């Protein structure tokens, strides 16, 4: 007979001595099913705007610009996140195109939302004649808050986990609670005979914590930025590095077509290098301009 914590919706971190019983994925209000993933995303959006409002005022910007921009970013960010996922999971949708619109079954990729968000920022600032660099520096702080919170939606969904591990943070999940496609042969090989649980890296936790560290560093560093847009570049570089390592552990990677190369890992590595080079070049250029101005 299995221990109680292994049954149904339970989640455990055995090496930390944490056993969570009956962690639900959703709840019902007036017969309508509401997922905790959606609730957590909603909370993340609220917290993001609270920080953005504060940082906008601190940087002499109009918070209303960010509320206007935020509406468009939320809409096109969700569309972008879905498109990114569908494009790199095309085999799942090519024979049932209507399923593309069924987001209640999951299938949103953060990098797609980030790309769509930045494109929306560019277009918005061009139309409104605003400084894209200045707005971007503040907007990415809110974006990070949303990402930090959003990963906990993956926790309640029992998704975005990594390979088998027995490290301090190893997470155990009932096999029946996760998608079979996310369970690798290595994970199955390490399942203890007579039990129904898998033990994996909680990559959602790694990324959420790493994003929190990145946000703290950005909040501290933003006082010392040398040019508008530098904070946005630090975000692209920092998150690129985080995603490069985390993506290498995950079992639900989206691959570049006909290859075994994780697209988000490749993109993360590229953005880390490109953004760092941009920061170095622009800082050197800024320093030279300051010297010329003094002379």
- Search region 271-295 for residues that are over 15 Å from residue 241 (Cβ atoms) and pair each with any residue that is surrounded by 10 or more Cβ atoms within 10 Å (Cβ to Cβ) when their beta-carbon atoms are under 6 Å apart and the residues are at least 6 apart or on different chains. 282/227; 283/226; 286/226; 286/227
- Task: Could you figure out which of (1) surrounded by 16 or more Cβ atoms within 10 Å (Cβ to Cβ); (2) under 30 Å from residue 216 (Cα atoms) isn't true of residue 93?
- Result: (2)
- Residues located in region 238-267, provided they are in contact (Cβ under 8 Å) with a residue 40 or more places away in the chain, out of contact with any strand residue (DSSP E or B) (no Cβ under 9 Å at 6 or more places or on another chain) and within 15 Å of residue 210 (Cα to Cα): 239, 243
- Query: When you go through 141, 92 one by one, which is the residue that is under 20 Å from residue 237 (Cα atoms) and part of a helix (DSSP H, G or I)?
  - Reply: 141
- Here is a list of conditions, (1) within 24 Å of residue 153 (Cβ to Cβ); (2) assigned to a helix (DSSP H, G or I), and residue 231 meets all of them except one; can you say which number that is? (1)
- Query: Are any of the residues in region 72-84 assigned to a helix (DSSP H, G or I), out of contact with any helix residue (DSSP H, G or I) (no Cβ under 9 Å at 6 or more places or on another chain) and either loosely packed, with under 15 Cβ neighbours inside 10 Å or touching a residue at least 12 places away in the same chain (Cβ under 8 Å) (or both)?
  - Reply: no
- Task: Please go through region 222-250 and pick out each residue that is out of contact with any helix residue (DSSP H, G or I) (no Cβ under 7 Å at 6 or more places or on another chain) and over 25 Å from residue 164 (Cα atoms).
- Result: 223, 224
- Can you find even one residue in region 168-176 that is surrounded by fewer than 23 Cβ atoms within 10 Å (Cβ to Cβ), farther than 30 Å from residue 237 by Cβ and out of contact with any strand residue (DSSP E or B) (no Cβ under 6 Å at 6 or more places or on another chain)? yes
- State all residues of region 248-291 that are within 15 Å of residue 89 (Cβ to Cβ), at pLDDT 95 or above and either part of a helix (DSSP H, G or I) or over 23 Å from the mean Cα position of the chain (by Cα) (or both); if no residue qualifies, say none. 263, 264
- Qualifying position, being surrounded by fewer than 18 Cβ atoms within 10 Å (Cβ to Cβ) and in contact with a helix residue (DSSP H, G or I) (Cβ under 6 Å, 6 or more places away or on another chain), among 108, 212: 212
- Query: Can you tell me which of 69, 119, 98, 50 is closer than 24 Å to residue 228 by Cα, part of a helix (DSSP H, G or I) and without any contact (Cβ under 8 Å) to a residue 12 or more places away in the chain?
  - Reply: 50
- Message: Can you report the number of residues in region 31-47 which are closer than 25 Å to residue 74 by Cβ, outside any strand (DSSP E or B) and out of contact with any helix residue (DSSP H, G or I) (no Cβ under 7 Å at 6 or more places or on another chain)?
- Response: 4
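The values are calculated or read from the model by the stated rules, or taken from the named source; none is laboratory data. All figures in this text were calculated on a predicted structure; none of them were measured in a lab. Ideal geometry is used to build each Cβ from the backbone, glycine not excepted, and the neighbour counts take in all protein chains shown.
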